[in-house]
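Just below is one structure, and these are the notes that go with it.
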Amino acid sequence: MESTALKFQIKEPKGLSPRIAWLRDYYFSGVDRAWNNEFTPWTTGTPWDVQYDEISFYIVPETYPFLQTFRSSMHQLARPVKLDPAFWSWTLQERRAWFVREVMVNHVPQELLPGDLVAGSRFNLQASRCWTKNEAAARDRLIYGKKGARAFMKWFHDHGYGNAGATSGHLIPGYERALTAGWKGIHEDLKAHYEALGESDRKGEKGAQLRAMMTAATMPRDLAAKYASLCRRLAQKEITPSRREELAQMAANLDRVPWEPATNFWEAVQSLWITHMLVMSDENYPGPGVSFGRLDQYLFPYWERSISGGMDREFGKEILKCFWIHANTAYDAMIRVGGNQGITAGFGQLFNLSGMGPGGRDMTNELTYALLEVIDEMTPILEPKPNVRLHANTPDKLLDKVIDMISSSQGAPFLLNFDERSMAGMMREAGSAGVESLITAENVYDYASVGCLENTMVGNDRSGTVDCNLNLLKAVELAFTGGKDLVPVIDFMSGKPGKITQDGPATGDATKFRTWEEFWNAYVIQTRFLVKKCVELYEASERVRAEFSPTPYLSTLVKGCAQKALDVTRGGPELNFVTIEGVTFGTTVDSLLAVKYLVFDKKECTMAQLIQALRDNWQGHDVLQAKAKYRAPKYGRDDDEADALATKVMDLWTAETWKYRTISTGRQFRPGMLSWNYWVGDGYVLAASPDGRPKGQFLSNAICPSNGADTNGPTANANSVGKAMGGRAADGKGDWKDYLSSLPNGASHTITFNPSLLRDPEHRGKFKAFIKGYIANGGSALQVNMIDADMLREAQKHPQNYRHLLVRITGYNAYFTSIGRELQDEIIARESHNKY
Amino acid sequence: MKRLQNLNTNIGTTTATVLNIQRMSTEDGPGLRTTVFFKGCGLRCAWCHNPESISPYPEVQWLEARCIGCGTCVKACPLGAVAADGRGIHIDRSLCDGCGACARECPATAMELLGEEWSMDRLVAEVVKDRSYILNSDGGGITASGGDPLVQAPFVAEFFRRCREEGFHTALDTCGFIGTPSLERVMPHTDLVLFDLKLSDGAGHKLHTGHSNSKILENLVHVRDYIESHERPELWIRTPVIPGATDTEENIAALAHVIEGLLNGAVSRWELCAFNNLCRDKYRRLGIEWEYRDAQLLDAALMERLANVARDSVTRPEIVRWSGATAGEQAAGDGQREKKTAATHLVKGCG
């Protein structure tokens, strides 16, 4: 027995039926489960075969030392699959489509957990890449070696620029079509496109692509048939009549969907799940950012039909709760990693609730509330991740429900997205990328969010929302040195310092700059270099994926791919973007403000003295460091002068980003701000910064002010963020109405409040006013944390009692006890700062 | 001499000595508010939660946690009032005239000037920044607190006029110990008065606050009469519940008698605010011995009992609320379970 009592109440699930309670408990028993959804590797049997595609993990620096190990281990463990005799005569996309279908339908076992109402269990694969010897060798030449993608990626990261790589997931497939047309409809459509091809096209790449997509489109049908017979077998053995009936009904459902259009709610959820899980199988990627879009909108007709046809509302929720459990099994991919059954942070199978519709109408419906109840009853659980869309016409009933749920959890059990600012970003994108015919004032409200808060259109859009993560701060460092690293990179194996070389443009000797403008101009040139370098790095992996890693199944769900007969990895979607997520924004702005203040405005030190202090990591420069930290102006205080520089920094790097497209696939780069956990890790990579931050201290997170800089409270913080994104147009001519946004992707903003703010109805009303004010003044997305520092300290002391304590970092959820001590301390420091 | 000049500039309408501005305040009246803390108060309540607000003059304080020990403040002081030794920085209050040179020079903002001159235009510009939040809240607005803002009544009157012109609700948080003309000047621009009522017994009042409550009661009657003839402002009474001073059932019952008898239904809310010991550090920094230094938080049960006494003694029990931090983890307020109440930077209003 634990002697330490649970001192603070953690949100517990409630109102769960025995069925769901069992499934949930079973899920959380993790590695002790008899059944799990760990990766299973499969091979064509060739000695050169590859399963693990490292490119998807170039944005995860923690994996860099193990890339080769993963590749080799997966190959060693892979089970052989008997190939079709014609296999090696097919094109790569046809081989791959056949192989994934073969593995999913005929090799991976089909299972159903007791009581489960939704079929579709194992889906995490490491399937053969199906390369010929020549293909494998050609790809390796692009990956390995001094000029290979891997070395470039390592260089970029080790020198503090950030990271980039063509990553899987992170889009909203056209799921609604699978429900309304069924896979039969999708297949017919593909066939029509294929038959419309001319003779030579049919024999060429286009024909191969459409044949591969047709093969892929039969995978859900064939897999559903397997699950249908499983349900029948189980029904025969079942002794409880009610369960026997359920199993029979599930078999009947699976006879219909996902091949045929869904006719009721149960079928729709079943169809959606199989359709969704196979995206993860196809990409060999356990779900990050494969998002559902506006779930309460496209499931609503089925919900309404079933409810009016006599479905018990609670049974409808029960189906959804089974769907919830399924979504969480994505984590099983790495179930043996880390201390919490591999469940560490949200993968971001995101869905949106509510939001604006045509003419600014609010789209909240009965299913919105039912889904909120499911979230409330299941929380804490990580997947699927909800994001509630708010706007000026959001009904008070929804806001009150949202705030009630925030007050009973440790933080919002969902992200909040703000339609006006988000749609302004999408309209800006339409203009900047020349896609005004695809994103219009009439359809922009149909946008939805990917992963956490990354806004995209739905079903025709791949925006690579986590593919490029650029440390804007590096440009400040290069402005000091005229394009060289300020401090050498230390090799982590040998401990030896590397050589410092002229990496960026030579912008001159900063110690000779006589005005702030000269320094700013150097910063501008270095920022241009930074963006260009990031684009080049991305190309290095994008071209490899485009040539060697088709995903024909996913391509069937993204509009444009069938029409162009082009894979999603090759630029098939109607909307093709790559997002550069600007990291370290607050630290960058504060650093520039500090240079201006210390060297030019107040002349507290010379440029040479400041550079020396940074080289010394502020050691021995206490007074100057204190002035940098405490006296220099900061972003996040609603100080118009400081925020004006924030806007200038924003305008500069976003304008640079719009200048580029990928060469191999023609995808337009677009800006956003999300920092995942890079603001933590890269704090140890980037040199000391002029805002007083030593190397080893965290950077600012996404669009948030630097930790502790927001001394004027949440409203000032939110106002600064809104201004940095563009604010509102004085003349009323914004991107969407009078709203402006420089970031179509949106930006992650986290504010932590003390739970006492929501202690009674009166105070919940006050918080609602804050949210309404945020709609008018703030950014595109907000993560509300409601935790007090005492609870977090208690959880550090007794982690075993707080396993389910969820906290939100940059819109990505994590169990507090599963994250590193440094980050825990950081969260506590952040929380303690806000005494509201 | 210098101090008098400072004070003289503060009784006009162009500038004021402001201690702090707290945005998104949830504890100083209805809705979301921006609270401006004005310096200066006539009372000397032994438990005062904001001792730095009592003097109308600027004062400096040393924040130990921020100090890097560089000694800049010692050199910066033109009067030799700042000294450093192994234990820290010492300010000789008999020499310091609050000029703020040390605070302006301190690299780490460890020396802080309490009381900054704000012009009317700058202050109005500051409070309108939260318009979107305030106007979206139920009854939200601007609160003048302190100290007692009526010490700078001409400025506050004009400030409130400007705030209402901007569409904001205005709340005056006062201890009521001020010449009636100051009150009269601000009342026409005020939508809500948060009036502190501590002790019913005049002798006890003098003992604990330095002054009898007769002037306070007189002003309270003035507010009542004003309300009767103008049908506004709204009136809330706030009573700090202080161990050994105001925390008796007799006192609460007697205050209820004042509210019922004297104020005749003019009061729409009566808040009992539990004693807060978070200001220990403030006293230490200002070099003041505080007799409540070791006083503990009150029990939630006592607060609930006193609130019941209050409810039983007034015609409309629903006007009674209690709030504040209490001993133990959970405190019941307004009949609901709640976590211990957060301390805001300044805990004025009740005390």
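The values are calculated or read from the model by the stated rules, or taken from the named source; none is laboratory data. These numbers come from a predicted model, not from an experiment. Neighbour counts run over all protein chains shown; Cβ positions are idealised from the backbone, glycine included.
Annotations
- Among (1) within 13 Å of chain B (Cβ to nearest Cβ); (2) out of contact with any strand residue (DSSP E or B) (no Cβ under 6 Å at 6 or more places or on another chain); (3) among the small types (Gly, Ala, Ser) - the single one A:Gly713 does not satisfy: (2)
- For B:Glu105: the one exception among (1) of a type in the set (D, E, K, R); (2) over 17 Å from A:Ala626 (Cβ atoms); (3) at pLDDT 95 or above: (2)
- Tabulated pairs, region A:694-716, first of a type in the set (Phe, Trp, Tyr), second part of a loop (DSSP other than H, G, I, E, B), C-beta under 8 angstrom, 6+ apart or interchain: A:Phe698/A:Asn707
- One residue alone among B:Leu150, B:Leu172, B:Leu135 is within 14 Å of chain A (Cβ to nearest Cβ) and either surrounded by 24 or more Cβ atoms within 10 Å (Cβ to Cβ) or among the hydrophobic types (A, V, I, L, M, F, W, C) (or both), and that residue is B:Leu135.
- Residue match in region B:32-52 (condition: surrounded by 20 or more Cβ atoms within 10 Å (Cβ to Cβ) and farther than 30 Å from B:Ser323 by Cβ): no
- A single member of A:Tyr678, A:Tyr739, A:Tyr635, A:Tyr630 is within 14 Å of another protein chain (Cβ to nearest Cβ), among the aromatic types (Phe, Trp, Tyr) and crowded, with 24+ Cβ neighbours inside 10 Å, and it is A:Tyr739.
- Scanning region B:262-293 for residues that are small (Gly, Ala, Ser), part of a loop (DSSP other than H, G, I, E, B) and surrounded by 18 or more Cβ atoms within 10 Å (Cβ to Cβ) returns a single hit, B:Ala266.
So that you can scan it fast, the table gives a plain yes or no per residue for (1) of a type in the set (Val, Ile, Thr); (2) within 14 Å of chain A (Cβ to nearest Cβ):
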| residue | (1), (2) |
| --- | --- |
| B:Gly140 | no, yes |
| B:Thr143 | yes, yes |
| B:Asn213 | no, no |
| B:Ile216 | yes, no |
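- Filtering region A:212-238 to residues that are in a helix (DSSP H, G or I) and of a type in the set (S, T, N, Q) leaves A:Thr215, A:Ser229, A:Gln236.
- Restricting region B:72-91 to residues that are in a loop (DSSP other than H, G, I, E, B) and modelled with pLDDT of 95 or more leaves a set whose member that is nearest to the other protein chains (Cβ to nearest Cβ) is B:Cys77.
- Test result for A:Asn745, within 25 Å of the chain's Cα centre (by Cα), touching a residue at least 60 places away in the same chain (Cβ under 8 Å) and at the interface with chain B (Cβ under 10 Å from one of its Cβ atoms): no
- Looking only at region B:203-235, and only at residues there that are among the hydrophobic types (A, V, I, L, M, F, W, C) and in contact (Cβ under 8 Å) with a residue 24 or more places away in the chain, the one that is farthest from B:Phe160 (Cα to Cα): B:Leu217
- Scan of region A:26-50 for residues that are hydroxyl-bearing (Ser, Thr, Tyr) and out of contact with any Asp or Glu (no Cβ under 6 Å at 6 or more places or on another chain), ordered by number: A:Tyr26, A:Tyr27, A:Ser29, A:Thr40, A:Thr44, A:Thr46
- Qualifying residue in region B:61-71 (condition: in contact with a strand residue (DSSP E or B) (Cβ under 6 Å, 6 or more places away or on another chain) and β-branched (Val, Ile, Thr)): no
- Taken as a whole, region A:62-73 holds no residue that is surrounded by 13 or more Cβ atoms within 10 Å (Cβ to Cβ) and among the acidic types (Asp, Glu).
- When each of A:Ala196, A:Ala137, A:Ala181 is tested for being modelled with pLDDT of 95 or more and touching a Pro at 6+ places or on another chain (Cβ under 7 Å), the lone residue that passes is A:Ala181.
- Residues in region A:393-425 that are touching a residue at least 40 places away in the same chain (Cβ under 8 Å) and farther than 21 Å from A:Tyr445 by Cβ: A:Asp400, A:Ile403, A:Asp404, A:Ile406, A:Ser407, A:Ser408, A:Ser409, A:Gln410, A:Gly411, A:Ala412, A:Pro413.
- For region A:774-786, filtering for residues that are within 11 Å of chain B (Cβ to nearest Cβ) and of a type in the set (A, V, I, L, M) leaves 3.
- One residue alone among A:Gly582, A:Gly620 is closer than 26 Å to A:Val489 by Cβ and touching a strand residue (DSSP E or B) at 6+ places or on another chain (Cβ under 8 Å), and that residue is A:Gly582.
- Count - residues of region A:39-55 that are under 21 Å from the mean Cα position of the chain (by Cα) and either part of a loop (DSSP other than H, G, I, E, B) or on the phi > 0 side of the Ramachandran plot (or both): 3
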